[in-house]
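To keep things clear, I will list the structure first and then write my remarks on it.
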Amino acid sequence: MAQSPKSFERLSLVLEQIADSEVPDAISLVRDQRAGARLSHQSKPLAGMLQDLEPDELMWLDMVLCVRIQQSGREAAWRRFAESAYRDFVPFYR
């Protein structure tokens, strides 16, 4: 069974909504969502997008955002990681 390209595209759109300067706040929001905290979408538009993600997608987003901070200024490097990690960590969708 192939992975859904729509899911990766959707996650990529979430990444594109996050400016480099907002990555630390985005990591906090992702971790809060993974912990089950209720997020207010009025305060952060990203919070609304996170509510629709599955736990494995949130884990992927957390990893990619952390790599993005480490690879600041090297967009191609963290994007390659994002694609590779998606194949490894987000299960197949039916």
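The values are calculated or read from the model by the stated rules, or taken from the named source; none is laboratory data. These numbers were taken from a predicted model, which means no experiment stands behind them. When we count neighbours, we look across all protein chains shown, and the Cβ atoms used for this are built from the backbone with ideal geometry, even at glycine.
Key figures for this structure:
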item	result
Residue check for W60: within 16 Å of S7 (Cβ to Cβ) and in contact with a helix residue (DSSP H, G or I) (Cβ under 9 Å, 6 or more places away or on another chain)	yes
Pair list, Cβ under 8 Å, 6 or more apart: segment 76-90 residue closer than 12 Å to L15 by Cβ, other residue surrounded by 14 or more Cβ atoms within 10 Å (Cβ to Cβ) and of a type in the set (S, T, Y)	A82/S12
Enumeration of residues in segment 77-91 that are in contact with a Phe, Trp or Tyr (Cβ under 7 Å, 6 or more places away or on another chain), at pLDDT below 75 and not in a loop (DSSP other than H, G, I, E, B)	F89
Selection within segment 7-30 - closer than 16 Å to F89 by Cβ and either without any contact (Cβ under 8 Å) to a residue 60 or more places away in the chain or in a loop (DSSP other than H, G, I, E, B) (or both)	R10, V14, V30
Segment 40-70, residues that are part of a loop (DSSP other than H, G, I, E, B) and surrounded by fewer than 16 Cβ atoms within 10 Å (Cβ to Cβ)	S40, H41, Q42, S43, Q51, D52, E54
Hey, R94 modelled with pLDDT under 75 and part of a helix (DSSP H, G or I) or not	no
